[in-house]
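> Have a look at this one.
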Amino acid sequence: MEELQSLSPKPSKFRFSETSMSKINWGIFSLGFFSVASAWVFGYFLKLFFVNGNWMHFGVSIAAAVVFLSVFLLNILFIKSFFSGNLIVFLSSAVILGGFYDQFSFPLLGGIALAYLFLLWGIYSGSKELDNMVRIKFWRVSKKSLSKAAIGILIFSSVAFYFNVKDLILKNPGSFFVSRPTFGILINPAEPLIKNFIPEFGLKKTVGEFSLEVAKNKTNQSKETENLSGPQKEVLAAALDLQMKEQISNLAGMNINFGMKISDAIYEILLNKIINLPNQAKSVFPYVAAAVIFFTVYGFLWVFRWIATSLSFLIYEILLALGLAVITLEGDNREEIALMSSHNY
């Protein structure tokens, strides 16, 4: 009989609790609360950012996403019941979607459904990795789980971004998908790179200042003007400046206000290009914009995963240090972690 018991499969980590459902596990309840709360903050402030372009709202949304991922990892470590984990993920997905109540549509519902599936995939992958470990390796579990969870959040964000671009561009042809100040912040990191090729470039300079500075530098650096006097060089630079301004206007395809800052001029040029797009091209543009956002942010997901894992690990160590969580050994010397109040609820 003992041999048969030893040969029987061990219970999976994904199982319904056999303990009384009337006993509230406040540790698990707290994890669930912070998961749902951070998910709601993420969705709500992401929507506010799309509406008004306020970068403070974007920062709050990103911070909430990091907190959500941190708690998500702790859920995998502490929650033994698949039902409880699934319920937390479902509620978190629902409150994220709730922030976009006025844009509700089946494609947006599809976006959150994909996010939900990726979150479940993250739970499954992390828990499976944890079950196969003799010693708990925090960062390996994180790599298996948070990478999928982060992609799920990014998918929904890209779908939501698509709808905001579509609303602004297709329904309001005179609008751009980001505000002028937000656009200036977005392109600001590109300034040092451009200055490597065009030293005179500066987003805060006016177009006229940029054109005149380029014209003067070309005139002064030309070997053909070495023997010219100062006034002669100024006349030549002024003529070259007029020529450059004409080239800029032709390249932009519109009349440029040369007293406008370069960042504002670029914004106006892009806005003009979008307004004059054929209707068929306008219908494709939101997809392109959403795809660009997805693949751009995807390249930086490892940064968010690292920050979220570090925060989660800090909380994990604090719980152990305070005696609120314990690591025990099973019969085969395999480590098992649990909250002190845990009843596998």
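The numbers here are math on the coordinates, done by the rules we state, and not lab data. Quick caveat: nothing in here was measured; it's all calculated off a predicted structure. No Cβ is skipped: glycine too gets one built from the backbone with ideal geometry, and neighbour counts run over all protein chains shown.
> What does the charge count near L311 come to, summing +1 for each Lys or Arg and -1 for each Asp or Glu among other residues with Cβ under 12 Å from its Cβ?
0
> Still on this structure, I have one more. Around F258, which amide H atoms from residues at least 5 apart in sequence, or from another chain, sit under 5 Å from its own amide H, with H modelled in the peptide plane?
It is none; the list stays empty.
> For I187, I79, what's the fewest-to-most ordering of other Cβ within 10 Å of each Cβ?
Lowest count first: I187, I79.
> Report the far tail of the P(r) of segment 26-132, meaning the percent of Cα-Cα pairs longer than 18 Å.
Values: 2791 of 5671 pairs.
Within segment 26-132, distances greater than 18 Å cover 49 percent of Cα pairs.
> Could the peptides 43-49, 265-271, 90-96, 289-295 be put in order, highest first, of the mean number of other beta-carbon atoms found within 10 Å of their residues?
43-49, 90-96, 265-271, 289-295
> Now for a different question. Please arrange R305, R140 by how many other C-beta atoms lie within 10 Å of their C-beta, fewest to most.
R140, R305
> Right, next: With 10 angstrom as the radius, rank D131, D241, D264 by how many other C-beta atoms surround their C-beta, starting from the fewest.
Numbers: D131 12, D241 20, D264 17.
Placing the least packed residue first, the sequence is D131, D264, D241.
> Among L228, I266, N217, pick out the residue whose Cα is farthest towards the positive end of the charge dipole of segment 180-277, where Lys and Arg carry +1 and Asp and Glu carry -1 on C-beta, about the Cα centre.
Checked the options; the winner is I266.
> Let me ask something else. Checking the a/c ratio against 1.5 first, then a/b against b/c, what shape does the Cα gyration tensor give for segment 180-277?
Prolate, because a/c is 1.5 or more and a/b exceeds b/c.
> Right, next: Greater than 27 Å separation of Cα atoms is the criterion. Which listed pairs, K47/K144; K80/K148; K233/K273, meet it?
K47/K144; K233/K273
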